[in-house]
Number of protein chains: 2
Amino acid sequence: MTFSLSRRTLLGGALGLAGLELMRPATSLAMASSLRHQPGIMLPQLPFLYFITFDLTAEKKADVADMMRAWTEAAEALMAHRPAPHLVDSGDVDGLEPASLTLTFGFGPGLFTKEGKDRYGLADRRPAPLADLPRFTGDQLVPAHTGGDVCIQSCATDPQTAFHAIRILARLADGRATPRWAQTGFSPEFGRHQTPRNLMGFKDGTIQPDIANPAVAKRVLWAAPTDEAWMQGGTYLVARIIRIALEHWDRTRTGFQEETMGRQKQSGAPIGGHHENEPLTLSQTDKDGNPVTSENAHARLAAPQENGGAELLRRSYSYDNGLSYIAERWPPWRQGNEFDAGLMFLAYQQDPRTAFTRIFERMSKFDMMNQYTTHIGSGLFACPGRLDGHYVGEELLG
Amino acid sequence: MTFSLSRRTLLGGALGLAGLELMRPATSLAMASSLRHQPGIMLPQLPFLYFITFDLTAEKKADVADMMRAWTEAAEALMAHRPAPHLVDSGDVDGLEPASLTLTFGFGPGLFTKEGKDRYGLADRRPAPLADLPRFTGDQLVPAHTGGDVCIQSCATDPQTAFHAIRILARLADGRATPRWAQTGFSPEFGRHQTPRNLMGFKDGTIQPDIANPAVAKRVLWAAPTDEAWMQGGTYLVARIIRIALEHWDRTRTGFQEETMGRQKQSGAPIGGHHENEPLTLSQTDKDGNPVTSENAHARLAAPQENGGAELLRRSYSYDNGLSYIAERWPPWRQGNEFDAGLMFLAYQQDPRTAFTRIFERMSKFDMMNQYTTHIGSGLFACPGRLDGHYVGEELLG
């Protein structure tokens, strides 16, 4: 713990000194000990995602450390479009153009405490913001798509490259971690400065914290200076697999879709507004005194001003897993195959307790959109910053 | 049947007259009755696939005809990047660049006979090449990913556009057909004139019939002149979901991978050869008299000269469904999550009996690659040609 405390001091200093250097993308294992963020967090996001979580099977902390060292080294090579060292590359991206690959690692609650056990002697270093998410109203989480002791977010301009990296890293996990769940995603390029549309056909991501402003990023995105030393330069990821009843949504008239969303479909403008980027019409009323944007519209319930200023950085992707069988006993027309598709919601934030959880606790109860969406998977991860020349998590595991 | 016979005569004439016109892409419902092929069959193939099959629930042939008319009309609009008529578009591709969408329709055996019943009075018009596929050695077909009375192949340059079209068409099927199974796929662009690599890391598609040569296409790809009148200008599709044990493959040394494939991994050249496009070394022996290309190598067993000249046009995609649980009782290390990924094999041919079935009957018994691959889904479809101004299948259903 002495090491941890002195490290905290060091990191606090590094943070202060590094300043704008924090925005520098990770490219190589340099010698200097400047602190940097992991790639794959800042915007813009790349069009393809492979997200995977693992259960740790390692018996000792040193084995976890070895894996993170191997993962970091391999990630550096892969992001530089070189073959990963120490193994024979699977070769499936040989000849593909470099695909801007980013690899982002996170630690779930199970690294610290699993089934009540402090497996690796790390329980007292679990950061407070990594508190287990509560059970939200309407949650239908499937254990096979929930949790994980470690996660990797792989993003690229093509899906084969994103998957290739995960295959390599999964091999390097051998004997120390086993895959738990995975979800791919896509978010095609809608053109420069255009907000992409998700599968509901609405623009998704209009309101984002202005993380290009370092003061905003420091307040909203990056771990607080008072957080654990090993989390300095890091952030917290909430992942939710949100299945959308597309058949139901597609049969809903556009006017009701817009009321549900709290925005106009074509333009993305607020209800009663004209432009995508103008403020939401949260306080306006119509001639009968009713709110222009419904009390339970999605955009209202998500808005920072309705949540005590709570904000998070969304990096969501659409997902599409083909079909799956819906089998309710009643009504009979609800039996049959439906699209197994929706939103792979990924959000980064300084503290999920005051960001995702704060926002979603109310949303899960009241959002009109809950008629169409079901959260079927979930994960919570601490994504540490990184000192140049160190592997991801070295300040925790080393 | 009189109508059918006169139609056959007409089509025979049209085929003869149309000549090179057959290669013209489908763009609009024109007035002239020239015969054309469906889009999505000729090469090159687009990078993203959404493949879906449906079970027909329509009670009458006229209902199937109505659906095919609506599907054809919607497909024309969608391929021209216009909203489909008669419904409110889901809007999820508004603002995306046109994505070269192609939509290809096929009829499965169940349109003609289902559970022994001639539901639509079409049993005697079932084409001979649409004979049920035999059960092949090693088949582990999952009913939920096998069969289908109708199929749609949707290809595009982005996955959202490919899926968008399927959503529209599935809505138009309402009350007449229900989704049975679906599989997405990808095949990124490896550069002009480069053969793409599949997830095994080998080039896939080096040997293809030269369908740019009309004589070859006529012999290999398009329905024979002696086939049913309504199949003139059409072709037959065999779809197989081939799961690849990627973890196992990735742990196999490259030399054995190459022996299994019958090709070199990096260059794609035959064993003992130097260039991807040189002939396979099927008759060469080494100094000990052993064949240079193993007797049971994949490339040998697939080669036309080892199959009495049998050929088919492959249009395969890699697929990636995340993870799924493998639970064999023994050995215990085979229990756990593995990548649920592999090859969505799509092949077009004049007659599956003398093409896919002929080739795969031997391959399924002897191919060294069977150690790594399992066929878990299957479909067989007749994809008719189309007369200008007619809907797909009108010569059968009209």
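The values are calculated or read from the model by the stated rules, or taken from the named source; none is laboratory data. If you're wondering where the values come from, they're calculated on a predicted model, not measured in any experiment. Methodologically, a virtual Cβ is constructed for each residue, glycine included, from the backbone with ideal geometry; neighbour enumeration extends over all protein chains shown. Note: areas computed on protein heavy atoms with side chains; ligands, DNA, RNA excluded. Shrake-Rupley method; radii C 1.70, N 1.55, O 1.52, S 1.80 Å.
Per-residue answers, yes or no, for (1) part of a loop (DSSP other than H, G, I, E, B); (2) more than 10 Å from chain A (Cβ to nearest Cβ); (3) not polar (S, T, N, Q):
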{"site": "B:Leu199", "(1), (2), (3)": "yes, no, yes"}
{"site": "B:Ile207", "(1), (2), (3)": "yes, yes, yes"}
{"site": "B:Ala217", "(1), (2), (3)": "no, yes, yes"}
{"site": "B:Thr281", "(1), (2), (3)": "yes, yes, no"}
### Summary
If we ask which residues in region A:314-332 are more than 8 Å from chain B (Cβ to nearest Cβ) and either in contact with a helix residue (DSSP H, G or I) (Cβ under 7 Å, 6 or more places away or on another chain) or under 15 Å from A:Asp250 (Cβ atoms) (or both), their number turns out to be 2
### B:Ser154 being within 14 Å of chain A (Cβ to nearest Cβ), open to solvent by 10 Å² or more (accessible area, probe 1.4 Å) and hydroxyl-bearing (Ser, Thr, Tyr)
no
### Query
Taking the condition open to solvent by less than 20 Å² (accessible area, probe 1.4 Å), within 21 Å of B:Trp249 (Cα to Cα) and either within 14 Å of chain A (Cβ to nearest Cβ) or without any contact (Cβ under 8 Å) to a residue 24 or more places away in the chain (or both), does B:Ala341 pass?
yes
### Summary
Residue hits (region A:172-195; under 17 Å from A:Asp158 (Cβ atoms), assigned to a loop (DSSP other than H, G, I, E, B) and either facing another protein chain (nearest Cβ under 7 Å) or not charged (D, E, K, R) (or both)) are A:Ser187, A:Pro188
### Query
Is it true that some residue in region A:129-137 is closer than 28 Å to A:Ala165 by Cα, open to solvent by less than 10 Å² (accessible area, probe 1.4 Å) and among the aromatic types (Phe, Trp, Tyr)?
no
### Task
Can you confirm whether region A:368-386 contains a residue that is surrounded by fewer than 21 Cβ atoms within 10 Å (Cβ to Cβ), in contact (Cβ under 8 Å) with a residue 24 or more places away in the chain, within 14 Å of another protein chain (Cβ to nearest Cβ) and of a type outside the set (Phe, Trp, Tyr)?
yes
### Query
Quick one: in region B:255-279, which of the residues that are touching a residue at least 40 places away in the same chain (Cβ under 8 Å) and in a loop (DSSP other than H, G, I, E, B) is surrounded by the fewest Cβ atoms within 10 Å (Cβ to Cβ)?
B:Asn277
### Message
If I filter region B:219-260 down to residues being among the aromatic types (Phe, Trp, Tyr) and more than 27 Å from B:Asp286 (Cβ to Cβ), which single residue comes out as nearest to the other protein chains (Cβ to nearest Cβ)?
### Response
B:Tyr236
### A:Gln349 touching a strand residue (DSSP E or B) at 6+ places or on another chain (Cβ under 6 Å) and either modelled with pLDDT of 95 or more or small (Gly, Ala, Ser) (or both)
yes
### Message
I'd like to know if region A:220-232 contains one or more residues that are crowded, with 18+ Cβ neighbours inside 10 Å, assigned to a strand (DSSP E or B) and either under 16 Å from the mean Cα position of the chain (by Cα) or free of Cβ contacts under 8 Å to residues at least 12 places away in the same chain (or both).
### Response
no
## Note on the structure
For B:Leu122, the lone unmet condition from (1) more than 30 Å from A:Lys265 (Cα to Cα); (2) open to solvent by 10 Å² or more (accessible area, probe 1.4 Å); (3) away from chain A (no Cβ under 14 Å); (4) in contact (Cβ under 8 Å) with a residue 12 or more places away in the chain is (2)
### Query
Of the residues that sit in region B:361-390 and are among the hydroxyl-bearing types (Ser, Thr, Tyr) and within 21 Å of the chain's Cα centre (by Cα), which one is nearest to B:Trp181 (Cα to Cα)?
B:Ser378
### Task
Please specify each residue of region B:303-320 satisfying the condition of being open to solvent by 40 Å² or more (accessible area, probe 1.4 Å) and in contact (Cβ under 8 Å) with a residue 60 or more places away in the chain.
B:Glu311, B:Arg314
### Query
When you look at A:Arg300, is it more than 14 Å from chain B (Cβ to nearest Cβ), assigned to a helix (DSSP H, G or I), within 30 Å of A:Val150 (Cβ to Cβ) and not polar (S, T, N, Q), yes or no?
no
### Task
Quickly run through region B:344-367 and pick out the residues that are of a type in the set (D, E, K, R) and open to solvent by 20 Å² or more (accessible area, probe 1.4 Å).
B:Asp351, B:Arg353, B:Arg358, B:Glu361, B:Arg362, B:Lys365
### Query
Could we say that A:Pro143 is under 20 Å from the mean Cα position of the chain (by Cα) and free of Cβ contacts under 8 Å to residues at least 12 places away in the same chain here?
yes
#### Entry: Evaluation of A:Asn213 against (1) touching a helix residue (DSSP H, G or I) at 6+ places or on another chain (Cβ under 6 Å); (2) more than 9 Å from every other protein chain (Cβ to nearest Cβ); (3) open to solvent by 10 Å² or more (accessible area, probe 1.4 Å) (one fails), failing number
(1)
### Message
Checking the structure you have, find out if any residue of region A:35-43 is farther than 23 Å from A:Gln208 by Cα and either at pLDDT below 95 or assigned to a loop (DSSP other than H, G, I, E, B) (or both).
### Response
yes
### Query
For region B:83-100, does any single residue satisfy the condition of being crowded, with 17+ Cβ neighbours inside 10 Å and away from chain A (no Cβ under 14 Å)?
no
